[in-house]
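The values are calculated or read from the model by the stated rules, or taken from the named source; none is laboratory data. Bear in mind the structure is a predicted one, so any value in this text is a computation, not a measurement. All Cβ positions, glycine included, derive from the backbone under ideal geometry; neighbour counts span all protein chains shown. When the accessible area is computed, the model is the full protein with side chains, heavy atoms only, and any ligands, DNA or RNA have been set aside. Shrake-Rupley method; radii C 1.70, N 1.55, O 1.52, S 1.80 Å.
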Amino acid sequence: MASLIPGYEYDIFISYRQKDNKGGRQGAPSFGATQSREAGWVSEFVDALKDELESTFKEEISVYFDINPHDGLLETHDVDASLKEKLKCLVFIPILSRTYCDPKSFAWRNEFEAFAEQASHDQFGLKVKLNDGSIANRILPVRIHDLDSDDIKLCESVLGEALGGVEFIYKSSGVNRSLRLKEDKPHENLNNTIYLDQINKTALAIKQIILGLKIEPETSVKESSEHRVQDQGIYKKGKPAKSRKSKLLIGAGVLTILIIAGIFVYLKIYRHGNLDRLISKDGKISIAIMPFLNMTNDTLWDVWQDGIQSILITKLSNSEELKVRQLESITGLLQSRGLTDYASLTTSVTKTISQKLETNVYILGSIKKSGSTLRVNAQLIDTKTGEAFKSFQIDGTRDSIFIIIDSLSRKVQEFLILSVMKQEVNTDEKHWGTTGSPEAFRFYMLGQKAFGEDFTVSREWYLKALAIDSNFVDAALQVMETYIVQGMYEQAKQWCLRYYKKRDMMPLIQKIWINYAYAKCFETPNEEIKCLKQLKEHDDLSPTPYFLTGAAYFKMGQYDKAIPELEKSLEIELKLESKPVWSQSYVWPVTAYIRIGQYKKAKKLLMESEKYFPDDVELTAQKATISLSEGDTTEANRYIEKSIGILKDNSASEASIAANLAGIYNEADIPDKAEKYLRQALSLEPEIPVRIRMLAFYLIDKDRNISEGLELIDKALQLRPDNYMYLDIKGWGLYKQGKYNEALDLLQKADNLKPIYNHQIYLHLEEAKKAVAGQK
């Protein structure tokens, strides 16, 4: 059967390795295959595709598929002259597997590479313009395995572009295989793909390419050697003048072409005009930026995969017209899918991620290098349709990487805001706060990788970045965070003040974060909440601002306000299919529910947490607390024993175990047991100040033995007379004894010495002030 277009042997050529078509799969139908043995994967794919093509095209579509072992096209046979003729096809489909990507194999060398070379020089070329104005490759890969990065780069070297196509991959924990028609556990497929849907996508992609080719000759067929020049009705080579009838036919043909061209121009304009579909109801364009794939074959550029992504997120976040998803949300989704190797970032995967992030547009890009020239490519892709509606290509050198990123940022903003939203673009971009040093940025990214694992190590990397460029605000913000997490508040405050005074020079997002850091170091949680509200407005699918807002309310004892924020943070994490970053995502809301007596809701969260943190000591302790509160001592003892076991496995001291038990009984409001274990902890570690402090505060705050509590805290103050926590406890004890003036003096001193806001001191001080005022 000939091709739909004269001069071509077949419409479709299927290329594969025989290894990928050996044997069948029990229970998988063969779609009418005629082989005597059970069909292999490729045979079944071809049969299914042929069935789909029949319902997709009115015409008969010819498919070349080598199933005859004597056809001369197998790996064990020499190439014959017929192969070149059979490769004269419209669409070439390589079945990309782990075995196909082998430059020594027959299929790769004599089919894949040969078609790419042959098609590049035929009348159409390797790439074709589709009816919608986009460009497609006549090579349509079908991928049946996740490929190694080296194999992906090998394929892209032949394709001349990023690897796309249609995926038939089933991926779950520890599994990477070809997708089956009938899956035993389809819900476990992380790619969420359905076999027949992928067959349909393949057929539709073929149709788009062939329709593009059928209108292509009018504009792309090479000119004849007899170049036609009309001169008073005759051809230059002396051919006779055309008759009137011929002229009329030519005129009619030209008119028809003009009408068709006009229709396509109209459709293109109409389609472009429809880009306003990218604007959300809130009047903004929501956008996700994926990592940029390193295609340079130089691992030194791996850091810029995340680097370009991170900088673009920061820069585009400063546009009020755009709602840019923040890095943590995208990274969480990628990690949850096991996509640590960005070579696996296919368009289908990134489209799914963008849909999860509820964005209308996403950016997919790559980094390439030829000699000293560096090229960054980026595509704006419609999340809903998967259409790449705008592409950018910017060249430079290694030393101009930041100029390239700045240029890309401006081009994206100009296109989306000026062309799509028809609004003015603010070109007065603030550059202070970012870095122009590749080395500083490399140190910053190394700090990011270490963050969460070792805060001291990560801080050292950030400080190296700042030693190169002291205006690198992102690095400075991270330095502050590492100090705060480690309780080194004075150092954090020093860094905060250094950059806070320059906040008006910073881009918007960095300015909000520095304001938040200042509120955390010098102001009240209410000021923190104001800053976090601004961050939520910029990205309502970032869990961190919600968690921090909940934590701020929690610190003030406003549990009813803390719970919705903490649950929203957890909801976002789970919605993005990402395991919560840490167990505190559950610990905080559960604690809040316990403190307001809503045990049923607390238990529901604890049950959910089992999937992610089954052996977390704090969550286990909370289960014990709830069981005790509900009077189920048997269940409580089981959880208590489990928590003790976890602590012992982690080499906790006997004093730490006793303190943990005291916390369980305190939250369950069983004071005798709480006091018992606090005394036990102190007896085991009598010289440790924290043991003295905990028992002293409990005895005073719960009115158990105020005099003994004051004696204990006096011992602690002898060792550290200016410790604000000790002064607060003593002041509270004096208040309990009715010594209001003495209490006020100590509590005021504690308030003056505290490094950051402390709600407990605030409450104690307010009570003392009221009491003193009442005496007058």
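Using the structure shown, select from K323/K568; K153/K384; K22/K384; K19/K384; K171/K323 the pairs with a Cα to Cα distance greater than 26 angstrom.
Numbers: K323/K568 19 Å; K153/K384 28 Å; K22/K384 38 Å; K19/K384 37 Å; K171/K323 31 Å.
Table pairs above 26 Å Cα-Cα are K153/K384; K22/K384; K19/K384; K171/K323.
In debye, nearest 20: dipole of the stretch 512-567 around its Cα centre with unit charges on the Cβ of K, R (+) and D, E (-)?
On the way: 6 positive and 9 negative charges, 32 e Å.
Dipole about the Cα centre, nearest 20: 160 debye.
Keeping all protein chains in position, work out how much accessible area V581 exposes to a 1.4 Å probe, and write it in Å² to the nearest 10.
Looks like 130 Å² after rounding.
Give the aspartates and glutamates whose C-alpha is closer than 18 Å to that of K533, dropping any in the same chain fewer than 8 places away, or say none.
Candidates past the 8-residue exclusion: D282, E320, E321, E328, E523, D560, E565, E567, E571.
Do any trypsin sites (Lys or Arg not before Pro) in the stretch 607-656 lie in a loop, going by DSSP, with at most 13 other beta-carbon atoms within 10 Å of their beta carbon, and if so which?
Numbers: sites: K611, K623, R638, K642, K648; in loops: K611.
The qualifying sites are K611.
Magnitude of the Cβ-charge dipole of the chain, K/R +1 and D/E -1, about the Cα centre, nearest 20 debye?
Working: 102 positive and 108 negative charges, 391 e Å.
Dipole magnitude for the chain comes out near 1880 debye.
Return a whole-number percent for the relative contact order of the chain, with Cα pairs under 8 Å and 6 or more residues apart as the contact set.
On the way: 1118 pairs, mean separation 46.8, N = 776.
The value is 6 percent.
How far, in nm, would the chain grow between F57 and S419 when pulled straight, counting 0.36 nm per residue and subtracting the alpha carbon separation?
Numbers: separation 362, 0.36 × 362 = 130.32 nm, distance 3.65 nm.
Separation in residues times 0.36 nm, less the Cα-Cα distance, equals 126.7 nm.
Would you mind working out the accessible area per residue for the chain, using a 1.4 Å probe, and quoting it in Å²?
49
If Lys and Arg each add +1 and Asp and Glu each add -1, what is the summed charge of the other residues whose beta carbon sits under 14 Å from the beta carbon of L753?
0
Straight distance only, please: which lysines reach the Cα of K623 with their own Cα at less than 19 Å, same-chain residues fewer than 8 apart left out?
K600, K601, K603, K604, K611, K642, K648, K673
Within a Cβ distance under 15 Å of I664, other residues only, what is the Lys/Arg minus Asp/Glu net charge?
-4
Rounded to whole Å and sorted largest first, list the principal axis extents of the Cα atoms in the stretch 401-528.
49, 36, 23
Fully extended, how many nm does the chain gain between K769 and R109 (0.36 nm per residue separation, minus their Cα-Cα distance)? Each step should come with its number before you reach the end.
On the way: separation 660, 0.36 × 660 = 237.60 nm, distance 8.64 nm.
Net length gain for the segment: 229.0 nm.
Just want the answer: with Cβ charges of +1 for Lys and Arg and -1 for Asp and Glu, which residue in Q448, S409, Q737 is farthest toward the dipole's positive end in the chain?
Final value for the positive-end residue is S409.
Report, largest value first, the span of the C-alpha coordinates of the stretch 600-693 along each principal axis, in whole Å.
Sorted largest first, the three principal extents are 40, 27, 21 Å.
Looking at A288, M506, L130, which one has the Cα that reaches farthest to the positive end of the dipole of the chain (charges on Cβ: Lys, Arg +1; Asp, Glu -1)?
Selected residue: L130.
Could you rank R679, R177, R398, R143 by how accessible they are, 1.4 Å probe, largest area first?
Final ranking, largest accessible area leading: R398, R679, R177, R143.
Please give the net charge around P721, taking every other residue with its beta carbon less than 13 angstrom from that of P721, where Lys and Arg add +1 and Asp and Glu add -1.
Within the 13 Å Cβ shell, the charges total +2.
Give the cross-link partners of K770 among the aspartates and glutamates, using a straight C-alpha distance below 19 Å as the criterion and excluding same-chain residues fewer than 8 apart.
By straight Cα distance, K770 reaches D701, D728, E742, D745, D751.
Label 7 Å along Cα→Cβ of W582; the stretch 556-575 residues with amide nitrogen under 20 Å?
From the stretch 556-575, the list is 556-557, 562-575.
What percentage of all Cα-Cα pairs in the stretch 664-715 are separated by more than 17 Å? Mind showing how you got there, number by number?
On the way: 374 of 1326 pairs.
When all Cα pairs of the stretch 664-715 are counted, 28 percent exceed 17 Å.
Taking 0.36 nm per intervening residue step and subtracting the Cα-Cα distance, what contour gain separates Q393 from D560 on full extension? Please report the intermediate quantities before stating the final value.
Working: separation 167, 0.36 × 167 = 60.12 nm, distance 5.10 nm.
Roughly 55.0 nm would be gained on extension.
Quick check: from the Cα gyration tensor, does the stretch 290-397 come out rounded (a/c under 1.5), prolate or oblate? Numbers along the way, then the final one.
Working: a/c = 1.58, a/b = 1.35, b/c = 1.17.
In terms of gyration-tensor shape, prolate.
Averaged over all directions, how much area does the convex hull of the C-alpha atoms of the chain cover when projected, in nm²?
Values: hull surface 178.8 nm².
Mean orientational projected area (the chain, Cα hull): 44.7 nm².
With the cut-off at 1.5 for a/c, could you classify the stretch 701-776 from its C-alpha gyration tensor as rounded, prolate or oblate?
Oblate shape, in that a/c is at least 1.5 and b/c is the bigger or equal ratio.
Do the sum for the chain: with -39,500 (n - 2.57) for every DSSP H run of n ≥ 4, divided by all residues, what is the mean residue ellipticity at 222 nm, to the nearest 500 deg cm²/dmol?
-16500 deg cm²/dmol
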